[in-house]
1. With every protein chain kept in place and ligands, DNA and RNA left out, what is the accessible area per residue of region A:86-208? Probe 1.4 Å, answer in Å².
2. Take the Cα of A:Tyr46, step 7 Å along the line toward its Cβ, and report every residue of region B:1-19 whose backbone nitrogen sits under 17 Å from that point.
3. For the protein assembly as shown, divide the Cα radius of gyration by the Kirkwood radius and give the resulting Rg/Rh value with two decimals.
4. Dipole magnitude of region A:116-173 about its Cα centre, charges +1 at Lys/Arg Cβ and -1 at Asp/Glu Cβ only, in debye to the nearest 20?
5. Quick one: net charge around B:Leu73, please, counting Lys, Arg +1 and Asp, Glu -1 for every other residue with C-beta under 14 Å from its C-beta.
6. Looking only at A:Gly31, A:Gly75, A:Gly204, which one moves most when chain A is put into a Gaussian network model with springs between Cα atoms under 10 Å?
7. For A:94-103, what's the mean count of beta carbons from other chains sitting within 10 Å of each residue's beta carbon?
8. Please check region B:54-91 for residues whose accessible area, probe 1.4 Å, is lower by 50 Å² or more when all protein chains are in place than in their chain alone.
2 protein chains.
Amino acid sequence: MQYPWPYTKLDPEVTRRIAHDNYFGGACAYGASSAIIHQLRDKIGYPYTILPADMFKYGEGGAVGWGTLCGALNGAAAVITLVAGDKYHQLVDEMIGWYTVYPFPSDKSNQYAQDGTFKEYKVQKELPKNVSGSPLCHVSVTRWCKETGYASGSPERSERCARLTGDTAAHAVELLNKLQAGQVVSKFELDETTEECRTCHAKGKDFEIGGWTRGKLKCTNCHEPHENPFK
Amino acid sequence: MQYPWPYTKLDPEVTRRIAHDNYFGGACAYGASSAIIHQLRDKIGYPYTILPADMFKYGEGGAVGWGTLCGALNGAAAVITLVAGDKYHQLVDEMIGWYTVYPFPSDKSNQYAQDGTFKEYKVQKELPKNVSGSPLCHVSVTRWCKETGYASGSPERSERCARLTGDTAAHAVELLNKLQAGQVVSKFELDETTEECRTCHAKGKDFEIGGWTRGKLKCTNCHEPHENPFK
């Protein structure tokens, strides 16, 4: 089968519901990927009929519970790359960046839980929102728990991640719809502090000035800022 | 197509070479996944003939350069999950744990680079080893660079990640071969310090004692240890 695979416009709201509900059938990475794959299976058929979304189950909890990349992002990113071809980099980068600044769960997910649009759930009540500041499961879950007072093993935290899975899959579909329609996909801009750190501390050729690292994670999540000698 | 997909025993050394060389055709996640998928395509045929390893390209640099989950782990984990069925959790957990304590690049990868077994490369010389202590690309690359003095944008760092991709794919195949042969796959044990932290700070029901987080990342990579009040 030729790469990339065919895509047809999907409804973000249907995707939000399926991804949320499928979270309870195989967690975050399965929820996000299966929502898109199963819809394309219904609308396009082959080759989606042979692709098992089960293969993304390992993404749960940031890869079998290790707390690395959020599984909703991981599962959605795989499907984006499958259908976006050489445009995958821009779309996945935008999705990850969006995730780090978006207050989850969305109003729509909170509403769908309360009004019964979602069919599977741990709790139906409105859940408090927060911004994770990171695509890492560990950081995303920890900050939400500490800001809301819910334990990480609580039904509310699980439901929060289900709603976040719906929100992330819906956003992925919005990006793919834009790509297919030939519309511009916005480019995510890192925050000023991280960009300033990255003027020295990024993938670079010069070890001496700090070119011994890589990544776009927010530096101050784990590191103390230091005086910039070049400022 | 029924999940899980069929598997047949692969040669870890052939896998190490293909994954290393394919790194230069699509980076770490593509290198690791394509090495396994393309061999299964040759040996089994359908359905591997229709699965594009290109769909894992987004994993590079810890997901389009964000520095989260190492792409070699991400790509290999997807293929493990595709063929291991309900045993994926144990195998992927073991692989990630192994990665955090393994001194990359392996002697074999260093040897294959020097003796011309690898066909694609940035540099052929022996490269210094280190243990990353983390499955995160950001930490893995940064520590190797700081311990060796090579810049993150250097040919040596790129070659190091190519050899690590070969080593990780070879390990994934060793695990799958064991699973297929009905042999016991060892269970990765976290270090004592992290396990002690996790007695309170893990996915838990009790917020008050510290059950507001999740993950298996080494706590002291980013956090200062505190006095354990229960000790």
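1. 44
2. B:1-2
3. On the Cα set of the protein assembly as shown, Rg over Rh gives 0.95.
4. 80
5. Net of charged neighbours comes to -3.
6. Answer for the Gaussian network model of chain A: A:Gly204.
7. Mean partner shielding for this stretch: 1.
8. Relative to the lone chain, where solvent access is computed with a 1.4 Å probe, region B:54-91 loses at least 50 Å² at B:Met55, B:Tyr58, B:Val64, B:Trp66, B:Thr68, B:Leu69, B:Tyr88.
The values are calculated or read from the model by the stated rules, or taken from the named source; none is laboratory data. Values in this document were obtained by computation on a predicted structure and should not be read as measured data. Methodologically, a virtual Cβ is constructed for each residue, glycine included, from the backbone with ideal geometry; neighbour enumeration extends over all protein chains shown. Side chains are part of the model used for accessible areas, which takes the heavy atoms of the whole protein and leaves out ligands, DNA and RNA. Shrake-Rupley method; radii C 1.70, N 1.55, O 1.52, S 1.80 Å.
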